[in-house]
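Written below as structure tokens is the structure these notes are about.
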Amino acid sequence: MSAPLEAGKMLCGLSPEIRCLDYRKGALTGDLCEDLCVAQKLIYKRCLYYDQGKKVIEADWRGRPVILKSKKEIFSSYQHLGFLEEMESHGIPESDLLLMVALEIKNALGLELPSNTTGPLWTRRRGPHWKAQLASMWSLLQQEEYIYFSVLQDFSKHVLRVIGSCGHFYAVEYLTAGHAWHNTLFSVKDAVGASFSEIKSQAKAITEIAISFLDMVNHFDNDFSHRLHLCDIKPENFAIRNDLTVVAIDVDMAFFEPKMRDILEQNCTGDEDCNFFDCFSKCNLRSRKCGAVRANNNLQNSFTCLKRFHYNMEVPAVVFSHHMGLQASCDIS
């Protein structure tokens, strides 16, 4: 049987009593806290990932499957705004708060975004719990992945949608993730139901998924003001929705071009010093500096995933060889 989220704490090293105690004391808040700590409508299902404080949990929220995420285990692990304790209610102008949000986003993404882009990260109106709102928001803004999802969800169908939060935990939509051991990368039947169990229907679905995968790569390369680099491309970091759209569900190693250049431009004695996960550049032996320009690209890193569609499901090669001019980037024949 499923149990309230609090009963599953040991499986993920989770400490919901501490978080709910903080909620009851007024230290943190969020639109999911009431369901977690009072109504018990947020039900623990299973632990999906737990490593060095980072947690990914599958849960049921009012009959809907969701994923809960946090980069650190407890609320107090995040940097707090020291001035909160000295401030009276409503003691800081809204414009200053928005500026703080914008600066934190710039630090995380390496970009200066228009003021209207920060809206999803600061939509709450101040009231009796405004200090808890600000402290909770600040813990979320220290999680780069949360910022990516929140900022991009209105501009991209290829990123997870944020549903809500409680303190430093945030909830995103539940999707069927890819698996390295699955012969077609994604389980189409799990994602869209038994209607795709027939061979012809499944082959059509896999073709649509492959095209969506390529659309995602093209989208991240060309549709933002700066290219979004994916430096950790593996099946588990992607999923599909019921409409067969491919979605990036783990963007801890995603960087826009300015930040990517800063990461790559390091001292080196050889090319091996210029590797950053799946992203790499070349070492200039004269200057002993890695090049700031990435030597590979998202498409080349995605090629292993694409080959699985092509060879295992007999997806027509034309999907790959002509879609977005891929024949100029890699040979899949």
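Step by step: first the residues of the stretch 264-277, then only those that are of a type outside the set (S, T, N, Q) and out of contact with any strand residue (DSSP E or B) (no Cβ under 7 Å at 6 or more places or on another chain), then the one that is surrounded by the most Cβ atoms within 10 Å (Cβ to Cβ). Which residue is that? Steps first, answer last, please.
Here is the first cut: in the stretch 264-277, the residues of a type outside the set (S, T, N, Q) are 264-265, 268, 270-274, 276-277.
Restricting the remaining residues to those that are out of contact with any strand residue (DSSP E or B) (no Cβ under 7 Å at 6 or more places or on another chain) gives 272, 276-277.
On the way: Glu272: 9, Phe276: 18, Phe277: 12.
Top of the filtered list is Phe276.
Which ones in the stretch 235-263 are surrounded by fewer than 17 Cβ atoms within 10 Å (Cβ to Cβ) and under 14 Å from the mean Cα position of the chain (by Cα)? Matches in the stretch 235-263: Glu236, Asp252.
Condition check ((1) over 20 Å from Glu173 (Cα atoms); (2) touching a residue at least 60 places away in the same chain (Cβ under 8 Å)) across all residues:
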{"position": "Ser212", "(1), (2)": "no, no"}
{"position": "Leu230", "(1), (2)": "yes, yes"}
{"position": "Pro235", "(1), (2)": "no, yes"}
{"position": "Ile240", "(1), (2)": "no, yes"}
{"position": "Asp243", "(1), (2)": "no, no"}
{"position": "Ile249", "(1), (2)": "no, yes"}
{"position": "Asp252", "(1), (2)": "no, yes"}
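None of the figures in this text is laboratory data; all of them are computed from the coordinates on show. What you see is a predicted model, and the numbers here were worked out from it, not measured in a lab. Using ideal geometry, Cβ is built from the backbone for each residue, glycine included, and neighbour counts are taken over all protein chains shown.
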